[in-house]
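J.: This structure is in structure tokens; I'll ask about it shortly.
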Amino acid sequence: MIQSSAKAFKSYPGYKAFTIETILLDKPLGFTLYIDNGEKLIKYVHAEGMLQTDTKERLIQNDVDHFYIATGDSHVFDNYMIDNLCTVLNTPGMSKSEKSAIIYSSAIHVMQDMFESDISASKIMRVKELMHETIKRVISSEVTAASLLQLSTHDYKTYSHCVNVALYAIGIGHEYGLNEEELHTIASGAILHDVGKCRIDNCIINKPAKLTLEEFETIKDHPEHSHSILLENGETNPNILEIVLMHHEKLDGSGYTKGLGKNDISFGTQIVTVADIFDALTSNRSYKNAASFFVSLKTMKVQMKTQLNLELIDALIKMMGRA
Ligand SMILES: [Fe+2]
């Protein structure tokens, strides 16, 4: 679920605290708001209600600047936040860390939902809108890709990996001076690059040991699965389709699925490949610990120097310094 802001609130088991500014006025909630009376939580606005202007003013006059929701309402609350993301992010006085927390958690929620339930055209649309909003906020310097990535736990899950790869790709592309539309295409391809893994047996995806050759051959089909899933859900942007299909190709022809070379791999795909490898190296897996940023960058620049676009690794290093 979307995490509360960096500000520390009194904790109540089974409830999560949020700044009151994240609630829009005069809009139906769908979840119950509780406030802390100093001893316990009391129900303040019921799920069918809305927070009205005078109610909010009264709370602020009484120094109540946060509220609680029951964790059982977290799914509804996350959807509310995502639906109102633009408005919530425009809340006056919201800090970079609060904005980063809302954007990062929204992206995690959308992708987790996609991997744990089903993939649909409307979910793909939603994730693209989320990328659009994220890119706008990076371009306007309200957040940076690095400030968003600081929220990663570096514990590998396919859905969090997709989010991280998209953020690294946005950061690298922004560092390179790509425009908003180019960034949106790359971010969309990046966040959807591994959706095809949902068509591969979870026992292989989550295997806590090295894959057998046969299992690896099965895994190698996932870019084609991602490509098929996007086509089935109405994706028509050839650049996004290319990124998901080619994200494991390498400049020296040693990648899969076709073993293409440098001249056949788009710049956007090259960005996503660098982002993908960096996040994989810096993430904890059940069979390996995360490598440090330094060791991962060295691995990419030395051991993988014929496979990757080294200029993009330099852009990655620069963007990581902008937290
Ligand atoms: Fe992949």
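J.: Which of the residues that make up region 235-258 are away from the ligand (no atom under 16 Å from the Cβ) and not in a helix (DSSP H, G or I)?
T.: Passing the criteria: GLU235, THR236, ASN237, LEU251, ASP252, GLY253.
J.: Now a separate question. Within region 108-126, take every residue that is part of a helix (DSSP H, G or I) and of a type in the set (A, V, I, L, M) and give me the one that is surrounded by the most Cβ atoms within 10 Å (Cβ to Cβ).
T.: Across region 108-126, the extreme among qualifying residues is MET111.
J.: Can you name the residue in region 188-234 that is away from the ligand (no atom under 16 Å from the Cβ) and part of a helix (DSSP H, G or I) and, of all such residues, is surrounded by the fewest Cβ atoms within 10 Å (Cβ to Cβ)?
T.: LEU213
J.: For ALA315, are the conditions met, namely being within 16 Å of the ligand (Cβ to nearest atom), among the small types (Gly, Ala, Ser) and either in the same structural domain as ALA209 (by TED's automatic domain parsing) or modelled with pLDDT under 95 (or both)?
T.: Taking the combined requirement at face value, the residue does not satisfy it.
J.: Across region 278-297, which residue is nearest to GLY321 (Cα to Cα) among those that are exposed (fewer than 13 other Cβ atoms within 10 Å of the Cβ) and at pLDDT 95 or above?
T.: Checking each candidate, the answer is PHE294.
J.: Of the residues that make up region 266-283, is at least one charged (D, E, K, R) and either within 30 Å of SER141 (Cβ to Cβ) or touching a helix residue (DSSP H, G or I) at 6+ places or on another chain (Cβ under 9 Å) (or both)?
T.: Within region 266-283 (the criterion being charged (D, E, K, R) and either within 30 Å of SER141 (Cβ to Cβ) or touching a helix residue (DSSP H, G or I) at 6+ places or on another chain (Cβ under 9 Å) (or both)), the answer is yes, since at least one residue qualifies.
J.: Related question: Among (1) in a loop (DSSP other than H, G, I, E, B); (2) surrounded by fewer than 16 Cβ atoms within 10 Å (Cβ to Cβ); (3) modelled with pLDDT under 85, where does MET94 come up short?
T.: Looking at each condition in turn, MET94 falls short on (2).
J.: Name the single residue that is nearest to the ligand (Cβ to nearest atom) among those in region 149-173 being surrounded by 21 or more Cβ atoms within 10 Å (Cβ to Cβ) and over 19 Å from ILE124 (Cα atoms).
T.: TYR168
J.: Here's something else I'd like to know. Here's a check for you: in region 174-187, which residue that is in a loop (DSSP other than H, G, I, E, B) and at negative phi is surrounded by the fewest Cβ atoms within 10 Å (Cβ to Cβ)?
T.: Across region 174-187, the extreme among qualifying residues is ASN179.
J.: Would region 159-177 turn up any residue that is more than 12 Å from the chain's Cα centre (by Cα) and free of Cβ contacts under 8 Å to residues at least 24 places away in the same chain?
T.: yes
The values are calculated or read from the model by the stated rules, or taken from the named source; none is laboratory data. Please read these numbers as outputs of a predicted model, since none were measured by experiment. All Cβ positions, even for glycine, are placed from backbone atoms using ideal geometry, and neighbour counts span all protein chains on display.
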